[in-house]
Amino acid sequence: MVKEFAAGVEEKPKKKQKHPWKKIDRKMAATIIRRLTIAATSHTINELAETFKISSTAIRKLMKKKGIKVYKMQKRNLIPKTQKEIRKICCNRFRKRYRTADLDRFLFADECYVTLQKFHNHQNNRCYGKSFELIPDRKKFLQIPKTPLSAMIFGAVSREGRTPLIVLKSGFRLNRFTYKDKCLEIVRQSLPCKLDPKTVIFCQGKAPCHAAGSVQKYLRETFPAFVPNASMPPNSPDLNVLDYCIWSILKQRLNKYGLISNFTKLKKILQKEWTAIPQEVIRDAVDSWLSRVRRVEKADGGHIESK
């Protein structure tokens, strides 16, 4: 009776395979690997499956056999050809002018924005209870401010110390006057130990407030050995110690704090974590500067970061 019932059920037609089974020969395998890895045009696995009329599973098996893994594409700043040429020239001058012994006199300065935006992952942020209504509010609600709290920070570091961290409210605009009064004056008054204003090599970026004539004149009078704006390579966060090391460490240290409700609390936390960064980390970052200069020159002014 069971057999009769099963026989009376209408069988659904089997779905046809999107692409019939096709063997991947050596030439096709080499083409697929080349298009996935070194071809000028980017290709996806599904696109290649459509092109060669094979299944995407077959391509994944081929990738596994060849040791090809999938990675997420990373973002990085665009460096135009003209800027690459200038970067190479500037790094060539740095390499010829400065030696390892000169790193003791370097003082790297920079500013950046810090924005607190707590990421809410619904898969990781969970609460537990017999009923959602019975769970306390502090457990079931993640407090996220409507407008993220942010601040502008400025600091300077050397092999043997650092200046106090200057924390300014979001929206504060740095121009030639505010940069000189709010930032450079504090640096002059609180130079790290063993640094002489007459011999310190002050190194900053190429922001408009840095390149202003009055700022360059102030630096020439205060720090005669500073690196002038004309000698600084453009579009080069990979050549400033704060950009390629210290700021990322400081931002990571903020992750351990919960909701920061106001600017005063944020300022105290930033200054506390700034002083907590080990000096050995800063020293290692400064010591790597000359090697980075050589790498940029060797890369013809292009990117040197591997990630």
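Residue count for segment 95-120 under the criterion of being farther than 13 Å from Lys298 by Cα and part of a helix (DSSP H, G or I): the result is 8. Tell me, which residue of segment 97-130 that is out of contact with any strand residue (DSSP E or B) (no Cβ under 7 Å at 6 or more places or on another chain) and modelled with pLDDT of 85 or more is nearest to Phe172 (Cα to Cα)? Checking each candidate, the answer is Asp110.
On inspection, Pro234 does not qualify as in a loop (DSSP other than H, G, I, E, B) and closer than 20 Å to Val157 by Cα. Kindly establish whether Ile59 is in contact with a Phe, Trp or Tyr (Cβ under 9 Å, 6 or more places away or on another chain) and not assigned by TED's automatic domain parsing to the domain that holds Lys180. Considered against the rule, which asks whether it is in contact with a Phe, Trp or Tyr (Cβ under 9 Å, 6 or more places away or on another chain) and not assigned by TED's automatic domain parsing to the domain that holds Lys180, Ile59 comes out as yes.
Name the residues in segment 244-269 that are loosely packed, with under 13 Cβ neighbours inside 10 Å, part of a helix (DSSP H, G or I) and not basic (Lys, Arg), would you? Once the filter is applied, which keeps residues that are loosely packed, with under 13 Cβ neighbours inside 10 Å, part of a helix (DSSP H, G or I) and not basic (Lys, Arg), segment 244-269 yields Ser248, Gln252, Thr264.
Okay, residues lined up against (1) surrounded by fewer than 19 Cβ atoms within 10 Å (Cβ to Cβ); (2) over 27 Å from the mean Cα position of the chain (by Cα):
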{"residue": "Cys193", "(1), (2)": "yes, yes"}
{"residue": "Asp196", "(1), (2)": "yes, yes"}
{"residue": "Val200", "(1), (2)": "no, yes"}
{"residue": "Pro224", "(1), (2)": "yes, yes"}
{"residue": "Pro233", "(1), (2)": "no, no"}
{"residue": "Leu239", "(1), (2)": "no, no"}
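The values are calculated or read from the model by the stated rules, or taken from the named source; none is laboratory data. Given the structure is predicted, the values throughout are model-derived calculations rather than measurements. Neighbour counts run over all protein chains shown; Cβ positions are idealised from the backbone, glycine included.
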